[in-house]
Amino acid sequence: MRVAIYPGSFDPIHNGHTDIAMRAASLFDKLIVAIYAVPQKSLLFQIEERVALARAILESCSNIEVMPYTGLTVDLARRCGAQTLVRGLRVISDFEREYQMALMNQQLSSSVETICLMTRYEYAFVSASLVKEVFEAGGDVSGMVHPLALRALHARRQPAGCGRSAASDEL
Ligand code: ADP
């Protein structure tokens, strides 16, 4: 059975992520969307919320499983019997980071391969951090996230006038 892992922070899952997950799921018998609980970036959603959102949005795809994790991705791969890590590439700066991570993972485990799928043109500019920033500044992100993620963003929105930075107000 060909099992792959698509790891990330998914804070929140957006349409670029969903597209990569669906396309990867068509290449493998099973795709595990693995949500890293404690990434080194500031988070809007708790791990339970990120997992629940991804599960709800990806539930139509029967060979996708969503799970939280901590620790090394290669250790998760070993535990799950996965041979492949899937990553998405948007721009050249993604490549540098993905290349570095792929080589590091190669050092950590020679039995796990990394493959990168190119983003679709329409999602090339979409990142979770930009979605959150634009949303907080009052922008329309409905074309970039699933309606459930949009609802979660609305539920999390701070009262008007609180917590907006001057930079966000300029967007
Ligand atoms: P983000 O960069 O949106 O915060 P993550 O850190 O959760 O997302 O990234 C998980 C994986 O998804 C990474 O491989 C990242 O390059 C990929 N990814 C993120 N956004 C997109 C997108 N718009 N198109 C394709 N891949 C993406």
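The values are calculated or read from the model by the stated rules, or taken from the named source; none is laboratory data. On a predicted model such as this, the values are computed, not experimentally measured, just so you know. Neighbour counts run over all protein chains shown; Cβ positions are idealised from the backbone, glycine included.
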Filter result for Arg97 (among the basic types (Lys, Arg) and either in contact with an Asp or Glu (Cβ under 9 Å, 6 or more places away or on another chain) or at pLDDT below 95 (or both)): yes
Residue that is surrounded by the most Cβ atoms within 10 Å (Cβ to Cβ), among those in the range 25-39 that are within 13 Å of the chain's Cα centre (by Cα) and closer than 20 Å to Ala56 by Cβ: Val33
Cβ-Cβ under 9 Å pairs, at least 6 apart or on other chains, the range 115-142 side without any contact (Cβ under 8 Å) to a residue 40 or more places away in the chain and under 16 Å from Ser9 (Cα atoms), far side within 11 Å of the ligand (Cβ to nearest atom) and not acidic (Asp, Glu): Leu130/Met144
Selection count, the range 100-132, where residues are surrounded by fewer than 16 Cβ atoms within 10 Å (Cβ to Cβ), within 22 Å of Phe28 (Cβ to Cβ) and within 12 Å of the ligand (Cβ to nearest atom): 4
